[in-house]
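Just so you know, all these numbers are worked out from the coordinates, no wet-lab data involved. Predicted model only: the values in this text are computed from it and were never measured. For neighbour counting, all protein chains shown are included, and Cβ atoms are generated from backbone atoms with ideal geometry for every residue, glycine included.
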Amino acid sequence: MTLLLPLLIPLAAVLALPLLPNNAQLTRRVAALAGFLQLAAGLLLWRQPPADLSVSWLPKLGLSLDLGLDGITLPLLLLSALITAMAVIATPVDQARSRLFYGLLLATNLGLTGTFLARNALLFVLAYELILIPTTLLVATFGRGLRSSAAIRFLIYNALSGFVLLGVVLAMGWLHPGGVSFAYADLAADQFSPVAERWLLAGFLLAFGLKLPLVPLHGWQPITYTEAPTPVAMLLSGAVSKLGAYGLLRFGVQFLPDTWAAWSPWIAVIAAVTTIYGALNAIAQLDMRRLVAYSSLGHMGLLVLALAAATPLSLQGVVVQMLAHGLITALLFCLVGTIERHTGTVAIPEISGLMNPYRGLPFTMGLMLLGLMAAAGVPGLAGFVAELLVFEGSWVAFPWPTLVCMVASGLTAVYAVRLFNRVGFGRLDNERADWLNTTWGERFPAVVLAGLIVIAGIWPATITSFSEASVTPLALRQTDLVLTANAAGAEFTAPELLA
């Protein structure tokens with residue numbers, strides 16, 4: 001029953017919020033309490049790992065309530081709980097229609113938790129689809145000026161992702177040799193025909209490529225992250241987008257290893273294109289929100305590169321990169337939201353001098369500098385640990401795509417320096433620079449996220465220790481075998497590199 005706690009806490013809060021008085025401060029406290037309780041439940045599961053839970057639900061459809069945790073899903077569960085709590089605290093105290101807003105945030109968290117705990121593919125799809133409804137409503141109802149356009153685009157792309165995923169999962173379950181089954185254990189042990197595997201993997205790549213997203217399936221991402229409210233952007237970029245990488249790891253690498261290994265060179269090329277495309281577009285942006293959005297897109301490419309390589313080290317890098325990117329992008333969106341509330345704009349040409357110790361926002365900009373340094377992979381911060389694992393693990397399998405991604409990572413420093421130089425320094429506009437300094441209530445979520453980024457960079461074991469035992473058995477290429485092949489000048493086909 002312990003496994004049900006992370007699900008029951010947000011569910012109880014979602015059901016209780018409409019019954020509360022229409023008081024923004026009260027609903028905010030209840031929502032924050034739910035987030036912290038879920039985080040505490042996740043830490044309890046970490047200290048005392050529970051047995052898997054299986055309850056028959058609709059056996060004729062192959063649907064059962066199969067729940068479980070491993071070194072891949074536990075850190076993602078903790079990440080989603082943390083970012084949900086920080087997103088609630090980052091919400092203004094006077095949030096309009098607060099019961100609806102926090103209810104939708106927690107419903108999104110409920111769907112995320114369901115996907116990470118699921119050990120049944122059909123249950124995964126149900127939780128995956130649940131996320132679409134509250135996130136679309138959050139963008140459409142509480143977003144910025146172009147919220148309607150952003151919500152429609154978000155809905156179309158992600159509804160297509162869910163529709164494709166449902167079709168592929170149903171096909172996979174129906175093709176099960178022993179009868180209809182969607183249990184992860186059965187799907188991992190199945191031997192599908194080569195033709196079936198190709199169609200299944202193509203569907204998974206499309207479905208999860210839309211969710212990440214990957215180029216050219218990214219049309220919804222920049223406008224949605226730009227127009228979404230700050231807490232929603234934190235949750236979408238920091239947690240929801242990780243479903244794409246997690247899905248590819250689980251359904252692609254684990255369930256369809258032979259076809260994944262055969263297609264991995266092309267997947268690595270797509271990853272490299274996504275990474276360099278995101279970095280170049282981030283350099284060109286004049287809006288801080290869009291800059292962070294394209295930066296996030298580029299870092300999604302690193303995840304897919306590591307998945308394509310599928311070495312023990314790169315797969316560990318996948319989990320660490322998901323955690324590091326979640327913390328970093330949530331921090332950056334939180335800080336951009338703070339700047340927007342105090343200055344009234346996120347246009348880079350319209351802001352300068354925020355590092356001024358008297359009339360600027362020096363504390364916020366100091367944290368912004370840390371977040372940008374972490375995104376650029378500066379040693380001592382979480383981003384460096386993640387990128388080191390990804391690049392070292394991927395180089396032996398795909399040196400050229402890895403080199404492109406390393407160049408793109410270097411370009412991160414270009415737009416980071418450009419943003420900080422233009423916004424942090426220069427002369428203040430005397431007609432507009434009458435901003436109130438930030439309060440500690442506003443600073444709290446950014447301080448927590450920044451602190452975790454520093455801790456993970458100084459003590460990497462805090463984020464690397466979770467996943468090693470779980471991802472190593474999934475590796476499709478053993479690093480020493482690839483190194484031997486390269487040194488000897490030999491050519492190996494994908495099946496020969498399988499572990």
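Within the chain, what's the longest stretch lacking GluC sites (Glu not before Pro) that sit in DSSP loops with no more than 11 other Cβ atoms inside 10 Å? Maximal segment without exposed cleavage sites: 1-430. Straightening the chain between ILE458 and GLN191 buys 91.8 nm, computed as 0.36 nm per residue apart minus the Cα-Cα spacing. Extension gain for LEU403-TRP440 works out to 9.1 nm (0.36 nm per residue, less the C-alpha to C-alpha distance). Full extension of the chain between TRP174 and ASN22 yields a length gain of 49.9 nm, computed as 0.36 nm times the residue separation minus the alpha carbon distance. Set against the 2.2 N^0.38 Å expectation for a compact globular protein, the chain has a Cα radius of gyration ratio of 0.94. Axis of helix 362-375 versus longest Cα principal axis of the chain: the two differ by about 20°, to the nearest ten degrees.
Seen from LEU248, the other residues with C-beta closer than 12 Å to its C-beta sum to a net charge of +3, counting Lys and Arg as +1 and Asp and Glu as -1.
Which FRET efficiency value, to the nearest 0.05, do you get for LEU126 and GLU392 by plugging their Cβ-Cβ distance into 1/(1 + (r/R0)^6) with R0 = 41 Å? Step by step, r from the Cβ atoms, then E = 0.65. Under a model in which nothing but the beta-carbon of Lys, Arg (+1) and Asp, Glu (-1) is charged, the stretch 87-211 shows a dipole of about 500 debye around its Cα centre. Taking Cα centre as origin and charging only the Cβ of basic (Lys, Arg, +1) and acidic (Asp, Glu, -1) residues, the dipole magnitude of the stretch 1-149 rounds to 400 debye.
For the stretch 277-499, the ratio of Cα radius of gyration to the globular rule of thumb 2.2 N^0.38 Å stands at 1.16. Here, P(r) means the percent of Cα pairs in each 10 Å bin from 0 to the largest distance; for the stretch 54-201 it is 10, 32, 32, 18, 7, 1. The local environment of LEU17, defined by Cβ-Cβ distances under 15 Å, has a net charge of +4 under the rule Lys, Arg +1 and Asp, Glu -1.
Distance between the C-alpha centres of the stretch 273-300 and the stretch 87-131: 26 Å, rounded to the whole angstrom. Neighbour counting of Cβ atoms within 10 Å sorts the residues ARG144, ARG119, fewest neighbours leading, into ARG144, ARG119.
Taking other C-beta atoms within 10 angstrom as a stand-in for reagent exposure, TYR358, TYR246, TYR225 fall in the order TYR358, TYR246, TYR225, fewest first. Put a dot 7 Å past the Cα of ALA202, heading toward its Cβ, do the same for ALA469, and the two dots end up 4.0 nm apart.
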